[in-house]
């Protein structure tokens, strides 16, 4: 198990190619109860084994500036990633990852409980490539990352879940005029929004600002164009 500094030691070794003879199976978070410390376990497998992709989870309250400086954009190649869950300030790991164009994730789950946990992501001018993705879950302040992530051209997302949003939490998104590059979204599920027009505003933003790369079209196949029965079926199949 690894603490934050030890975890970044391993991530830096991966960046330098020290683990290139193995394939990542998963990164697990293990809580040290009573000590206030979360640690991580890296699980590897032989290369050549059936590779459905790694299951990766990080939950970091605050990554030190020193550790952030150790890995730059797209320097961290974890191989194929099947499920990626980044909680709190761990979302700042996202641009560090080298996501391959043919990588298809089942789940991308991003959660932040304050604007500060987004770190410097909202200041970025370039978008963060996330490849092909079936299901995306943006929770709380992470909803503001809608304008900062970009799927592979031709991606058709099964479902986009927006959870626990409010107009106050998404102020950066409301103030921004940036386009959204998430491709076609077959189903939009806005869960637990504040009853102050948040749901309608988020849907409006996606319908008017989501650009389908290569077509110039916006807002195609956003939730309400899916029959209600199908929408319920897709939503029911979601597992976070």
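The values are calculated or read from the model by the stated rules, or taken from the named source; none is laboratory data. Computed from a predicted structure; not experimentally measured. A quick note on method: Cβ atoms are made from the backbone with ideal geometry, for glycine too, and the neighbour counts reach across all protein chains shown.
Structure notes:
- In the condition set (1) at pLDDT below 95; (2) closer than 15 Å to residue 110 by Cβ, residue 196 is compliant with all but (2).
- Check on residue 40, surrounded by 14 or more Cβ atoms within 10 Å (Cβ to Cβ), part of a strand (DSSP E or B) and at pLDDT below 95: yes
- Per-region count, segment 54-71, residues part of a helix (DSSP H, G or I) and in contact with a helix residue (DSSP H, G or I) (Cβ under 7 Å, 6 or more places away or on another chain): 2
- Residue 51 falls short of the stated requirement of being modelled with pLDDT of 95 or more, under 21 Å from residue 106 (Cβ atoms) and surrounded by 14 or more Cβ atoms within 10 Å (Cβ to Cβ).
- Matching residues in segment 182-191 - criterion: being in a strand (DSSP E or B) and surrounded by fewer than 22 Cβ atoms within 10 Å (Cβ to Cβ): 184, 189, 190, 191
- Lone qualifier among 145, 86, 167, 121 - being surrounded by fewer than 16 Cβ atoms within 10 Å (Cβ to Cβ) and in contact with a helix residue (DSSP H, G or I) (Cβ under 7 Å, 6 or more places away or on another chain): 167
- Sub-6 Å Cβ pairs linking a first residue in segment 188-213 that is within 18 Å of residue 145 (Cβ to Cβ) to a second residue that is in a helix (DSSP H, G or I), at least 6 apart or interchain, are 189/235; 190/199; 190/202; 193/199, ordered by first then second residue.
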